[in-house]
Amino acid sequence: MARPDDEVGPAVAPGHPLGKGYLPVPKGAPDGEARLVPQNGPEALNGGPGLGPLVAGGQGGPQALIAAEEETQARLLPAGDGEDVPCPACPPRTALSPRRFVVLLIFSLYSLVNAFQWIQYSSISNVFEDFYEVSPLHINWLSMVYMVAYVPLIFPATWLLDTRGLRLTALLGSGLNCLGAWVKCGSVQRHLFWVTMLGQILCSVAQVFILGLPSPVASVWFGPKEVSTACATAVLGNQLGTAVGFLLPPVLVPALGTQNNTGLLAHTQNNTDLLAHNINTMFYGTAFISTFLFFLTVIAFKEKPPLPPSQAQAVLRDSPPEEYSYKSSIWNLCRNIPFALLLVSYGIMTGAFYSISTLLNQIILTYYVGEEVNAGRIGLTLVVAGMVGSILCGLWLDYTKTYKQTTLIVYILSFIGMLIFTFTLNLGYIIVLFFTGGILGFFMTGYLPLGFEFAVEITYPESEGMSSGLLNTAAQILGIFFTLAQGKITTDYNSPEAGNIFLCAWMFVGIILTALIKSDLRRHNINTGLTNIDVKAVPVDSRVDPKPKVMVSIQSESSL
């Protein structure tokens, strides 16, 4: 089911995707006509210029004729000089909608707020531990619930995206994010920790409808020359939310109280009331912003543009909805060996990033006691550098379309950055960690949109939401595993280097898996008309059915 670009290659009869028994439709070919051409002439079907072997059959005979009485939807290129006849069956128009920037902005903003709500507890964990009078494990669960909720909910979420569409999924993500923010506003009392946990659970469910949307939003709304940059921008919103989550809560909710002789904060009643007021300010501010973005989503976030932005999207629009099968889509992805390799390698890279981000404070304080503020700033540096890396990687993909090469190079550089970060921890100069942490974040976070876009290319025409969802699932599972394993290794050996080397070993495995991926740029080839089409006169339904079967072969990236 593929349609070459209308400016470069042949098109397909309208309403009939390739592989259903129809030939490519040339521009200028009139409806309902058939041509019988000399078998040995210079314009014979098997010898015409630029056609290659189109029709299989003997000398003359019915095999060389496509019957006109079939109200033919399958036609051959005209012989001879070929008059430029107006074509009523030209490929569908493609156009870029100005609304695409509004849709991308709205999605990026409510994704930002969702990421902010994920990290807002961890960045001031000591404050919330003291306010709610709970253990550090309770506060950690306020962040861990995001990863735990994602794994079981991703399949119903992707089913909803594939069957009910992009707009409903966006409304659920934005709406649940808004609801969770308002629930937290009712939790600002010391005995209501369970209420803030309930609000965080709602936000974690909203995340399931958010993390997998960058690729679908970019593919549905943006053209071939900007789709990777759009995907990187959508991912950027989530990363920016994490950065704001590191930066803003310590400002809005500063630690209060006096130190007692045990080194712990001892709050007076006045300090407790002031702390509750500050937390209220942060929660209500988040709730109002989330509500505003939800209303914007309702008003301005549309399902799709009036015209498809690319030929690849035009092909998908022509597919009858009843032909889609959610189970078949999952099965097709499971059988796709390149995607399976990418799934594991993406999970390793992103899971390692989650682990480093979670344990960064513990790693740095092992060597630099009392540097909590700088540890947070290093985390902020890591995220901001990653945002720059994401945008640059997206721009580079749109310019070069070298998906495998770029993905592999960034993976290798991330591995090198992890080694440098590991072996510069104990130099005694914390300023060095700002530099090495920035390098690590630039490449590790820059890899995120690369993985999404590479997956869409090698799995087209399967759902972008499904491929992105499975990638995120692998990342969440391995992120939990790496966090627990790295934390235990660091504790057992009392050495952050040991835990980091554990991650380096896994990242080296990821490099090997990435190198083994066979790169078939299916979506790119459709958009640019680089798809090879071999048409053979093979009956589809019966012996007398005159419609030939179309065989489509996709060029790999190495042949471009």
(request) Figure the gain on full extension for V298 and F508 (residue separation times 0.36 nm, minus the Cα-Cα span) and round it to one decimal in nm. (result) 71.1 nm
(request) Work out, in µm²/s and without decimals, the Stokes-Einstein translational diffusion coefficient of the range 375-480 at 10 °C, 1.306 mPa s, Rh from Kirkwood over C-alpha pairs. (result) 107 µm²/s
(request) Using θ = phi - 60° and the Karplus relation 6.51 cos²θ - 1.76 cosθ + 1.60, list the HN-Hα couplings for the range 442-449 in order, rounded to whole Hz, with x at every Gly or Pro. (result) 4, 7, 5, 6, x, 6, 4, x
(request) Using θ = phi - 60° and the Karplus relation 6.51 cos²θ - 1.76 cosθ + 1.60, list the HN-Hα couplings for the range 328-338 in order, rounded to whole Hz, with x at every Gly or Pro. (result) 5, 4, 5, 5, 5, 5, 5, 7, 7, 4, x
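Roughly speaking, to the nearest percent, how much of the range 358-421's 1.4 Å accessible area is carbon and sulfur? Working shown, then result.
Details: 2000 of 2780 Å².
Carbon and sulfur together cover 72 percent of it.
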(message) At 1.4 Å probe radius, can you tell me the per residue accessible area of the range 377-423 in Å²?
(response) 41 Å²
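Taking a 32 Å limit on the Cα-Cα distance, which of the listed pairs K304/K401; K225/K302; K302/K518 fall beyond it?
Working: K304/K401 24 Å; K225/K302 22 Å; K302/K518 35 Å.
Violating the 32 Å limit, Cα to Cα: K302/K518.
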(message) I want the local charge near K225. Using Cβ-Cβ distances under 11 Å, sum +1 for each Lys or Arg and -1 for each Asp or Glu among the other residues.
(response) -1
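The values are calculated or read from the model by the stated rules, or taken from the named source; none is laboratory data. For clarity, every value in this text was computed on a predicted model and none was experimentally measured. As a convention, Cβ positions derive from the backbone with ideal geometry for all residues, glycine included, and neighbour counts pool all protein chains shown. Areas reflect the complete protein model, heavy atoms only, side chains present, ligands, DNA and RNA absent. Shrake-Rupley method; radii C 1.70, N 1.55, O 1.52, S 1.80 Å.
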